[in-house]
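Single-structure report; data block below.
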Amino acid sequence: MKRLLALALAAALSAPVLAKIEDKSVAADPAVERRLKEISDELRCLVCQNQTISDSDAPLAVDLRTQIRKMIDAGKSDEEIRAYMVDRYGDFVLYRPPFNAVTALLWVGPGVLVVGGLAGLVIMLRRRKVQPEVTASAPDAGKLKEIASLLESEGDAPTPRR
Amino acid sequence: MKALKYLVPLGIFVVLVVFLAMGLTKDPRKVPSPFIGKSAPAFSIPQLHDEKAVFSPEQMKGKVWMLNVWASWCVSCRVEHPILNDMNRRGIVPIVGLNYKDARADATKWLQQHGDPYALSAWDFDGKVGIDYGVYGAPETFLIDKQGVIRYKHIGPVTPEALEKTLLPLIKQLNG
């Protein structure tokens with residue numbers, strides 16, 4: 001119980017630290033903020049490239065969030081806002097780039113690799129199946145005789161080294 | 001047939017290495033600009049030195065010119081600045097500065113310290129013009145032709161190599 005309390009206290013105290021430092025200009029309407037979050041989660045921040053515009057606190061990301069907020073207020077659609085970003089920063093700004101000649105390898109590549117890998121595996125396994133099984137057969141009479149004579153002469157034969 | 005068993009993984013490995021090696025030589029910060037071949041976005045903002053005067057790209061129509069995004073807080077701008085000063089001395093093209101998200105006093109002081117290669121600087125205090133030009137890291141340099149079309153964008157400091165190999169030949173061609 002004590003441990004649980006301590007944990008709860010720690011969680012409560014860390015909340016302000018974990019909370020993101022948001023720019024001051026937060027829209028009054030929570031619906032606008034929600035839409036902003038949805039849109040900016042899909043946009044790459046070009047300053048710190050592996051962060052989204054919604055995650056990043058780079059000045060440019062803050063500016064772009066402000067810009068998106070303004071565009072939402074102006075009644076622009078999500079599509080229009082995305083187009084605005086692509087016009088300025090190129091397809092690279094989208095975390096889900098459109099399918100075109102440049103990005104074809106990116107989109108198709110992993111699928112091709114998976115299908116190719118599976119095909120290779122299937123071919124390999126099939127081939128393994130048709131290989132004749134190597135089984136031991138009972139020695140015939142002639143063979144037995146040979147073995148017997150070998151055993152008899154064992155005393156004279158040089159002992160194999162171990 | 002047996003050799004194939006070893007050659008196939010080796011082949012896959014080689015292809016992978018080539019792709020990864022190609023990835024290593026590329027600079028992920030150099031994002032292809034969607035502006036090449038498009039008209040320079042219009043804007044009209046105050047100038048840095050003369051608050052009352054405005055600058056708009058329209059004023060440069062008929063000239064090949066360079067728009068250079070800079071700021072006093074931008075460290076790598078100091079790296080390219082001597083090259084810009086030199087370009088200005090040689091009178092290669094008019095260079096217009098876009099002073100990006102900077103305080104007026106800091107910016108003018110910086111130019112006094114490092115030299116002012118700019119025909120004029122436009123003062124983009126809130127970075128709005130920067131957004132319209134897809135600026136994501138100063139310094140950035142746009143080369144704009146007589147019709148106001150962006151022909152080239154250089155991201156990061158202009159190096160002597162970039163100047164000799166790319167900018168100068170292109171400027172010559174556009175002026176010709």
field: Hits among lysines - C-alpha to C-alpha of B:Lys153 under 19 Å, sequence gap 8 or more where chains match
entry: B:Lys26, B:Lys30, B:Lys38, B:Lys61, B:Lys63, B:Lys128, B:Lys165, B:Lys172
field: Inter-label distance for A:Ala74 and B:Glu164, nm, one decimal - labels placed 7 Å from Cα along Cα-to-Cβ
entry: 4.5 nm
message: I want the local charge near B:Thr141. Using Cβ-Cβ distances under 11 Å, sum +1 for each Lys or Arg and -1 for each Asp or Glu among the other residues.
response: -1
field: For A:Ile72, net neighbour charge (Lys/Arg +1, Asp/Glu -1) across residues whose Cβ lies under 12 Å away
entry: +1
message: Which order do the peptides B:142-149, A:40-47, A:146-153 come out in when sorted by mean C-beta neighbours inside 10 angstrom, highest first?
response: A:40-47, B:142-149, A:146-153
- prompt: B:Lys52 to B:Gln112: FRET efficiency via 1/(1 + (r/R0)^6), r the Cβ-Cβ distance, R0 30 Å, to the nearest 0.05?
  reply: 0.90
task: Give me the accessible area buried between chains A and B, both sides summed, with a 1.4 Å probe, in Å² rounded to the nearest 100.
output: 1300 Å²
query: How about A:Lys2: which lysines have a C-alpha closer than 20 Å to its C-alpha, ignoring those fewer than 8 places off in the same chain?
result: none
By average C-beta atoms within 10 angstrom, highest first, the peptides B:54-61, B:90-97: B:90-97, B:54-61
field: In order through region A:103-114: 3J(HN,Hα) via Karplus (6.51 cos²θ - 1.76 cosθ + 1.60), integer Hz, x for Gly, Pro
entry: 9, 4, 4, 4, 6, 8, x, x, x, 4, 4, 5
- prompt: Using the Karplus equation 6.51 cos²θ - 1.76 cosθ + 1.60 (θ = phi - 60°), what ³J(HN,Hα) coupling, rounded to whole Hz, does each residue of region B:135-150 give in order, writing x for Gly and Pro?
  reply: 6, 10, x, 6, x, 9, 10, 10, 9, 10, 8, 5, 8, x, 9, 6
- prompt: Taking every residue in B:127-137, how many Cβ atoms of other protein chains lie within 10 Å of its Cβ, on average?
  reply: 5
- request: Let me have the relative contact order for chain B, percent, based on Cα pairs under 8 Å that are six or more residues apart.
  value: 27 percent
message: If you take every DSSP beta bridge fully contained in the protein assembly as shown, what fraction is antiparallel? Give it as a percent rounded to 5.
response: 60 percent
task: Order the peptides B:103-111, B:5-13 from the highest to the lowest mean number of other Cβ atoms within 10 Å of their residues.
output: B:103-111, B:5-13
field: At R0 = 45 Å, FRET efficiency that the Cβ-Cβ distance of A:Arg127 and B:Ala21 yields, to 0.05
entry: 0.85
Computed label-point distance, nm, for sites B:Lys63 and A:Val112 using a 7 Å Cα→Cβ extension: 4.9 nm
statement: Partner shielding of A:63-69, taken as the mean number of other chain Cβ atoms within 10 Å, equals 2
Surface accessible to a 1.4 Å probe, per residue, for the residues of chain B, Å²: 54 Å²
statement: If amide H atoms are modeled at 1.01 Å from N in the peptide plane, then the residues at a separation of 5 or more from A:Thr52, or on another chain, having amide H under 5 Å from its own are A:Cys45
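The values are calculated or read from the model by the stated rules, or taken from the named source; none is laboratory data. Quick caveat: nothing in here was measured; it's all calculated off a predicted structure. Cβ sites come from the backbone with ideal geometry, for glycine too, and all protein chains shown count toward neighbours. For accessibility, only protein heavy atoms count, side chains too; no ligands or nucleic acids. Shrake-Rupley method; radii C 1.70, N 1.55, O 1.52, S 1.80 Å.
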